[in-house]
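Rule-based calculations on the coordinates, nothing more; no lab input. The structure displayed is predicted, hence computed values, not measured ones. Note: ideal-geometry Cβ built from the backbone for every residue, glycine included; neighbour counts use all protein chains shown.
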Amino acid sequence: MNMEKSSNTAAYTGIISAIAASICCITPVLAVIAGTSGIASTFSWIEPFRPYLIGLTILVLCFAWYQKLKSKNEIDCECHINEKPKFIQSKTFLGIVTVFAIVMLAFPYYSGIFYPNTEKQIILVDKSDIKTTEFKISGMTCTGCEEHVNHEVNKLNGIVNSKTSYEKGNAIIEFDKTKTNETEIEKAINSTGYKVTDKEEN
């Protein structure tokens, strides 16, 4: 029974560490769904710990499976021989936990599907009215952050193109200066919880 308990504890630890590893990317999606953009960057401080949390998740799940598949050499008493294990002590439950952990760990790579499409068809009147500005942004940690910034910026009128990169820490925005301006774009970016630190015209 101790083996079953340690396997369950490892499984629960795996779930918690998997969620923690991706919470910095889950939060922006939840912010969009809840309509509270400002909380998007709340857990961005966890990002540097993500590799360790992923490692911990893998280790505890491997341990849980080892405990589950290990042959039972010790039997506390014969009354347990024919006892059917509870669902939370079964291989099925551990399998569900493992799949859930994998889905959570992979979340940053598919988080973009949760953002509504805000792209608009822009009718250009005069190409001389089109301006491109690069905004340097702090606090972004994954593709979910990129999608969140693009989502907020594309709500503005006059946005022609918005290309955000968390790796470069920037957003290159092409817009019609007769319909919007850099101040409005900066406000839209800052409303996500990530902060514009600098901007320059391209």
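Note on K86: lysines with a C-alpha under 23 Å away, same-chain residues under 8 apart excluded, are K5, K68, K70, K72.
Taking each residue as 0.36 nm, the span from L59 to N190 lengthens on full extension beyond its C-alpha to C-alpha distance by 43.4 nm. Taking the average, over residues, of other Cβ atoms within 10 Å as the packing measure, peptides 93-103, 131-141 rank 131-141, 93-103 from highest down.
What's the FRET efficiency of E200 with Y52 using the Cβ-Cβ distance as r and R₀ = 41 Å, to the nearest 0.05? Taking R0 as 41 Å, the efficiency between E200 and Y52 is 0.70. Taking 7 Å steps out from each Cα toward its Cβ at V103 and E182 produces label points 4.5 nm apart. Of all lysines in the structure, the ones whose alpha carbon falls short of 16 Å from that of K127, not counting any fewer than 8 places away in one chain, are K177, K179. Packing-based ranking of 174-183, 155-164 yields 155-164, 174-183, ordered from highest to lowest mean Cβ neighbour count within 10 Å. Distance between the 7 Å Cα→Cβ label points at K168 and K136: 1.4 nm.
Ranked by the mean number of other Cβ atoms within 10 Å of their residues, highest first, the peptides 145-154, 13-22 fall in the order 145-154, 13-22. Within region 49-66, list the residues whose amide N lies under 13 Å from a label point set 7 Å along Cα→Cβ of S90. Flagged as within label range: none. Compactness of region 115-201, taken as the C-alpha radius of gyration over 2.2 N^0.38 Å, stands at 1.00.
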